[in-house]
There are 2 protein chains.
Amino acid sequence: MKLFAFAASASAFVANNVVEMDHHSKKLTTAANADKITTLPGLDNLPDFDMYSGYLSASETKKLHYWFVESQGNPATDPVVLWLNGGPGCSSMEGFFAEHGPLHLNDDETISMNPWAWNMNANMIYMEAPIGVGFSKGSADDMKIISDDTTSSDNRDALKDFFTKFPQYLANGLYVSGESYAGIYVPTLIAKIVDDDMLSAHFKGAAIGNGLYSWEKNQQSIIYFAKYHGLISTANWSSLVKNCCTNGDESKCDFFNYPNDSCKSDVETVVNLTWSGGLDVYNLYAECAGGISKQKTMDNILSKSNLNMSFTPRYDGPPCTDDNALETYFNTAAVKSALHVDPSIEWVLCAEDLNYQTTVQDVSQYIEHAMNTVPDSRIMLYAGDVDMACNFLGGEMFADALNLPLEEKYSEWTYIAEDKTKQVGGWYKKFHRLSWVTIKGAGHMVPTDKPIPAYDMFQAFLNGDL
Amino acid sequence: MKLFAFAASASAFVANNVVEMDHHSKKLTTAANADKITTLPGLDNLPDFDMYSGYLSASETKKLHYWFVESQGNPATDPVVLWLNGGPGCSSMEGFFAEHGPLHLNDDETISMNPWAWNMNANMIYMEAPIGVGFSKGSADDMKIISDDTTSSDNRDALKDFFTKFPQYLANGLYVSGESYAGIYVPTLIAKIVDDDMLSAHFKGAAIGNGLYSWEKNQQSIIYFAKYHGLISTANWSSLVKNCCTNGDESKCDFFNYPNDSCKSDVETVVNLTWSGGLDVYNLYAECAGGISKQKTMDNILSKSNLNMSFTPRYDGPPCTDDNALETYFNTAAVKSALHVDPSIEWVLCAEDLNYQTTVQDVSQYIEHAMNTVPDSRIMLYAGDVDMACNFLGGEMFADALNLPLEEKYSEWTYIAEDKTKQVGGWYKKFHRLSWVTIKGAGHMVPTDKPIPAYDMFQAFLNGDL
């Protein structure tokens with residue numbers, strides 16, 4: 001796998017490395033120039049910053065779609081930030097068009113500028129990964145095995161291809177970011193980046209939102225979350241404590257490695273409630289897009305995954321998410337053409353038929369390896385605190401368990417709201433080179449729910465304050 | 001106290017009981033007719049249902065302002081529901097104009113109709129209680145002692161005066177409702193109603209939202225709420241568990257009767273954070289009106305109240321609440337005239353100088369007395385689940401501790417949202433004649449945050465389904 005990918009990106013380097021000048025007088029490789037977005041349906045005029053869309057090669061057959069948006073600050077010096085949505089199987093175009101991208105897709109397929117875009121001071125790469133997601137593709141053989149390991153290798157190799165297309169950005173420094181299942185994608189990727197001759201010296205750090213860092217801690221914590229957010233009653237809780245906790249001690253419960261079948265049954269009921277109880281698993285306090293009846297029929301991913309780490313989601317979209325506008329937009333021929341992607345692919349927000357093999361149970365060692373290998377790198381783990389898919393309690397448990405020295409104790413952080421008042425954005429604490437941040441009232445898609453706090457937090461991270 | 005009040009309402013009965021006909025051909029006492037609202041600033045035309053405002057006498061000197069809105073259904077047969085906001089010291093005009101009243105006051109002093117008003121099928125009395133609150137008043141002597149006991153007696157006597165003014169409504173049946181500190185007002189009032197010859201036979205039940213039912217349970221539970229909503233970190237929690245919990249068992253903590261000074265200090269820090277940490281104590285996920293700096297200067301009521309059960313709030317409004325429109329409106333001469341209230345009174349949302357003596361620690365016995373004395377009466381305890389002032393965890397603890405037989409287990413309930421989709425409104429369980437209901441994502445002022453679910457819940461209560 002590794003050699004194959006290397007060979008591919010080396011050949012891409014030769015083909016791409018013919019320098020051209022674009023209208024901004026930037027030196028561009030031919031390959032970069034070919035990916036430049038020159039028109040975009042839904043927009044009358046392109047924004048002031050340049051955008052590129054096309055494919056990055058992880059091998060001769062593995063092609064990952066990326067949408068690169070230059071910084072609105074100083075693209076020549078601002079860092080490069082890779083963004084990965086999770087799933088596994090979901091497209092990073094959600095991050096672009098509905099979270100922190102500079103353009104937001106409206107329900108009527110028009111596009112609005114996002115004043116809280118993360119590319120204000122960063123060159124952002126939105127990449128659809130792994131193969132089989134969005135416009136990304138591979139051969140039939142490639143598709144047979146997609147795992148945490150192939151994904152991280154492919155992402156690394158695609159990233160190398162990116163810097164072959166855009167060599168001038170390598171020295172700017174590289175951050176890797178993502179959310180949800182990217183709690184696995186990002187750590188496994190940065191662990192490979194820091195071992196890579198091309199990328200390692202330029203690696204600056206990573207930011208992960210509502211990440212799945214540990215299957216165990218994620219499930220362990222959701223039960224407490226459910227209890228203390230009123231999803232289950234005192235009576236249900238008593239049963240859970242009786243069946244799952246040593247001597248009925250609420251602090252000594254095992255909601256993952258079930259001590260008995262009653263515990264297993266109690267836990268599964270709660271996990272099922274968070275995913276299929278008519279609630280929006282991504283934001284407990286949001287209304288469920290489409291309403292309960294649609295969502296009730298969807299599969300419960302996480303409760304199954306504990307029993308069988310390989311799974312095939314059968315739903316036709318994430319629960320309680322309205323993906324109509326995105327799916328209509330990306331399946332328009334003019335859009336596919338503008339983005340230089342394969343017109344034969346039918347784009348969906350989350351791939352239905354990805355045969356994804358989860359192999360990583362906990363990403364501690366990957367984060368530790370990256371931090372140990374690149375001593376100045378920094379990690380920010382953040383969480384919208386009303387998400388149930390990857391709840392903040394489990395995230396904090398994970399951050400604590402890394403046992404890094406605490407440098408700033410848990411405190412509120414603030415932001416200036418649209419009405420110019422000062423507001424509490426959430427809480428944070430800083431370990432040595434790793435910060436833990438919550439965003440109050442945000443769900444799984446933090447910048448969607450709380451764009452200003454999310455923007456401030458991201459800027460603070462890039463500035464080295466978080 | 002009791003005799004005095006009786007004498008007053010008896011004399012009021014004689015004076016008022018001259019029957020007149022209004023333009024709806026209703027028989028009205030002279031006193032009722034005098035209170036009829038015939039014009040209202042902010043409204044071009046009065047609504048179709050009749051409204052009355054003026055004073056109810058609890059004694060010759062104690063005058064409680066009420067605003068009575070007839071049902072939009074069938075006022076001749078629909079029940080009468082008294083509504084009381086809490087504080088102590090806050091005006092029920094908030095309930096009227098910002099929660100479930102038929103008219104809502106806009107920021108620009110205009111008035112909008114509320115499609116989710118609770119008077120759709122109920123005759124609603126919004127009463128400002130106790131004396132010293134809003135337009136309600138008493139003599140200087142009366143004001144020296146205002147307590148849970150004088151308040152409940154005065155409210156009962158004012159209610160009797162209401163039915164003297166409006167005798168035709170007594171047979172319709174009487175419910176008492178309220179929120180917050182009305183968790184004490186309502187149970188203490190209904191315990192007196194059921195012992196009253198005039199009212200007892202007509203008493204139907206009570207509904208209380210985010211009530212302060214038990215000082216102990218309210219404080220005990222907020223610590224768990226804070227921990228599991230991310231206000232404090234795992235490290236703070238470890239300290240709390242170490243200092244306050246038997247053998248470090250999280251289910252055996254005493255956060256109220258502190259076992260030691262370290263526990264006291266830890267708990268006070270958390271309670272203080274909920275009231276004065278820059279958060280909106282009434283809705284954790286709302287932005288704080290006016291921003292942090294204003295709110296930070298406000299007093300912490302609840303943390304003090306545990307040390308000293310008598311307190312004088314010194315803030316000039318509830319934390320993070322924008323009371324500007326209400327205070328401007330009610331201090332307009334034309335409004336005071338339209339509402340037949342004392343024009344010399346400067347109206348404030350929450351009284352600053354009320355010397356209120358809290359004497360009741362837990363209202364279980366009052367609820368039990370009412371339920372035992374009027375066998376068909378029903379109680380609904382409801383809670384917005386993101387309120388921190390009177391959090392839902394403490395409410396459920398209180399409901400459970402009444403030890404009533406459980407008739408329906410804890411389940412989700414649903415409502416139809418504005419976009420016609422079916423959504424989870426919250427959770428409920430039914431004990432014999434007492435229901436416990438949460439409203440998902442609502443804060444302390446449930447109908448303000450979630451008008452449709454709140455309306456549906458209230459209708460279900462009146463219909464006997466909750």
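The values are calculated or read from the model by the stated rules, or taken from the named source; none is laboratory data. Keep in mind that this is a model prediction, so the values were computed, not measured. Reconstructed Cβ throughout: ideal geometry from the backbone, glycine too, with neighbour counts over all protein chains shown.
Only one of B:Lys160, B:Lys192 is more than 16 Å from the chain's Cα centre (by Cα) and either surrounded by fewer than 24 Cβ atoms within 10 Å (Cβ to Cβ) or outside any helix (DSSP H, G or I) (or both); which?
B:Lys192
Do we have any residue at all in the stretch A:230-242 that's part of a helix (DSSP H, G or I), hydrophobic (A, V, I, L, M, F, W, C) and more than 8 Å from chain B (Cβ to nearest Cβ)?
yes
Any idea how many residues of the stretch A:288-299 are crowded, with 21+ Cβ neighbours inside 10 Å and at pLDDT 90 or above?
The number of residues fulfilling the criteria is 1.
Does the stretch A:414-421 contain any residue that is under 24 Å from B:Gly441 (Cβ atoms), at the interface with chain B (Cβ under 7 Å from one of its Cβ atoms) and among the acidic types (Asp, Glu)?
Within the stretch A:414-421, not a single residue is under 24 Å from B:Gly441 (Cβ atoms), at the interface with chain B (Cβ under 7 Å from one of its Cβ atoms) and among the acidic types (Asp, Glu).
For the stretch A:94-115, how many residues are more than 14 Å from A:Val69 (Cβ to Cβ) and part of a loop (DSSP other than H, G, I, E, B)?
Number of matching residues: 6.
Can you pull out the residues in the stretch A:254-276 that are crowded, with 23+ Cβ neighbours inside 10 Å and assigned to a loop (DSSP other than H, G, I, E, B)?
A:Phe255
Working only within the stretch B:269-292, note down all residues that are more than 23 Å from the chain's Cα centre (by Cα) and at the interface with chain A (Cβ under 9 Å from one of its Cβ atoms).
B:Leu273, B:Gly277, B:Gly278, B:Gly290, B:Gly291, B:Ile292
How many of the residues in the stretch A:50-93 are outside any loop (DSSP other than H, G, I, E, B) and of a type in the set (Gly, Ala, Ser)?
3
Mind checking whether some residue in the stretch A:348-365 is of a type outside the set (Phe, Trp, Tyr), under 21 Å from the mean Cα position of the chain (by Cα), at pLDDT 95 or above and in a helix (DSSP H, G or I)?
yes
Need pairs with beta-carbon distance below 8 Å; first residue farther than 26 Å from B:Thr358 by Cα and within the stretch B:185-204, second in a helix (DSSP H, G or I); sequence gap 6+ or separate chains.
Note: pairs meeting the criteria are B:Met198/B:Lys160; B:Met198/B:Phe163; B:Met198/B:Leu170; B:His202/B:Leu170; B:His202/B:Ala171; B:His202/B:Asn172.
Please specify each residue of the stretch A:60-84 satisfying the condition of being hydroxyl-bearing (Ser, Thr, Tyr) and buried (at least 21 other Cβ atoms within 10 Å of the Cβ).
A:Tyr66, A:Ser71
Going through the stretch B:371-389 one residue at a time, which ones are under 21 Å from B:Gly426 (Cβ atoms) and more than 14 Å from chain A (Cβ to nearest Cβ)?
B:Arg378, B:Ile379, B:Met380, B:Ala389
Got a sec? Which of A:Cys245, A:Cys263 is within 13 Å of chain B (Cβ to nearest Cβ) and free of Cβ contacts under 8 Å to residues at least 24 places away in the same chain?
A:Cys245
Take the residues in the stretch B:422-451 that are of a type in the set (Lys, Arg) and under 23 Å from B:Leu284 (Cα atoms), then tell me which one is farthest from the other protein chains (Cβ to nearest Cβ).
Restricting to residues being of a type in the set (Lys, Arg) and under 23 Å from B:Leu284 (Cα atoms), the top hit is B:Lys450.
Among the residues that make up the stretch A:195-217, is at least one of them within 14 Å of chain B (Cβ to nearest Cβ), buried (at least 21 other Cβ atoms within 10 Å of the Cβ) and part of a helix (DSSP H, G or I)? I'd like the intermediate steps shown before the answer.
Let us first name the residues in the stretch A:195-217 that are within 14 Å of chain B (Cβ to nearest Cβ), namely A:210, A:217.
Those left that are additionally buried (at least 21 other Cβ atoms within 10 Å of the Cβ): A:210, A:217.
Add one more test, that the residue is part of a helix (DSSP H, G or I), and what stays is A:217.
Checked the stretch A:195-217: at least one residue is within 14 Å of chain B (Cβ to nearest Cβ), buried (at least 21 other Cβ atoms within 10 Å of the Cβ) and part of a helix (DSSP H, G or I).
For the stretch B:300-340, which helices (runs of 4 or more DSSP H) that fit wholly inside it have 2 or more residues that are at pLDDT 95 or above and under 21 Å from B:Leu354 (Cβ atoms)?
Details: elements: B:301-305, B:324-330, B:333-338.
It comes to B:324-330.
Among the numbered criteria (1) farther than 26 Å from A:Val69 by Cβ; (2) more than 14 Å from chain B (Cβ to nearest Cβ); (3) in a helix (DSSP H, G or I), which one does A:Ile223 miss?
Tallying (1) farther than 26 Å from A:Val69 by Cβ; (2) more than 14 Å from chain B (Cβ to nearest Cβ); (3) in a helix (DSSP H, G or I), A:Ile223 fails exactly one: (2).
Has the stretch A:183-198 got at least one residue that is within 20 Å of A:Val69 (Cβ to Cβ) and among the small types (Gly, Ala, Ser)?
no
Given the residues A:Glu396, A:Glu418, A:Glu408, A:Glu346, which is the only one that is of a type in the set (D, E, K, R) and closer than 28 Å to A:Thr274 by Cα?
Details: A:Glu418 fails: closer than 28 Å to A:Thr274 by Cα; A:Glu408 fails: closer than 28 Å to A:Thr274 by Cα; A:Glu346 fails: closer than 28 Å to A:Thr274 by Cα.
One residue alone meets the criteria, A:Glu396.
For A:Val241, only one of the following conditions fails: (1) assigned by TED's automatic domain parsing to the domain that holds A:Pro79; (2) touching a Cys at 6+ places or on another chain (Cβ under 9 Å); (3) among the β-branched types (Val, Ile, Thr). What is its number?
Against the list (1) assigned by TED's automatic domain parsing to the domain that holds A:Pro79; (2) touching a Cys at 6+ places or on another chain (Cβ under 9 Å); (3) among the β-branched types (Val, Ile, Thr), A:Val241 comes up short only on (1).
Of all residues being polar (S, T, N, Q) and over 14 Å from A:Val186 (Cβ atoms) in the stretch A:346-364, which is surrounded by the fewest Cβ atoms within 10 Å (Cβ to Cβ)? Just the residue, please.
Looking at the filtered set, the residue picked out is A:Gln361.
Mind listing just one residue for me: the one in the stretch B:40-59 that is of a type in the set (D, E, K, R) and modelled with pLDDT of 95 or more and, of those, surrounded by the fewest Cβ atoms within 10 Å (Cβ to Cβ)? Give the steps one after another, and end with the answer.
Our first condition is that a residue be of a type in the set (D, E, K, R); within the stretch B:40-59, this holds for B:44, B:48, B:50.
From what's left, modelled with pLDDT of 95 or more: B:48, B:50.
Working: B:Asp48: 9, B:Asp50: 21.
Ranking the qualifying residues of the stretch B:40-59, first place goes to B:Asp48.
Please indicate, with yes or no, whether at least one residue in the stretch B:125-140 is assigned to a helix (DSSP H, G or I) and out of contact with any Cys (no Cβ under 6 Å at 6 or more places or on another chain).
yes
When only residues in the stretch B:390-413 that are exposed (fewer than 15 other Cβ atoms within 10 Å of the Cβ) and among the acidic types (Asp, Glu) count, which is farthest from the other protein chains (Cβ to nearest Cβ)?
B:Glu407
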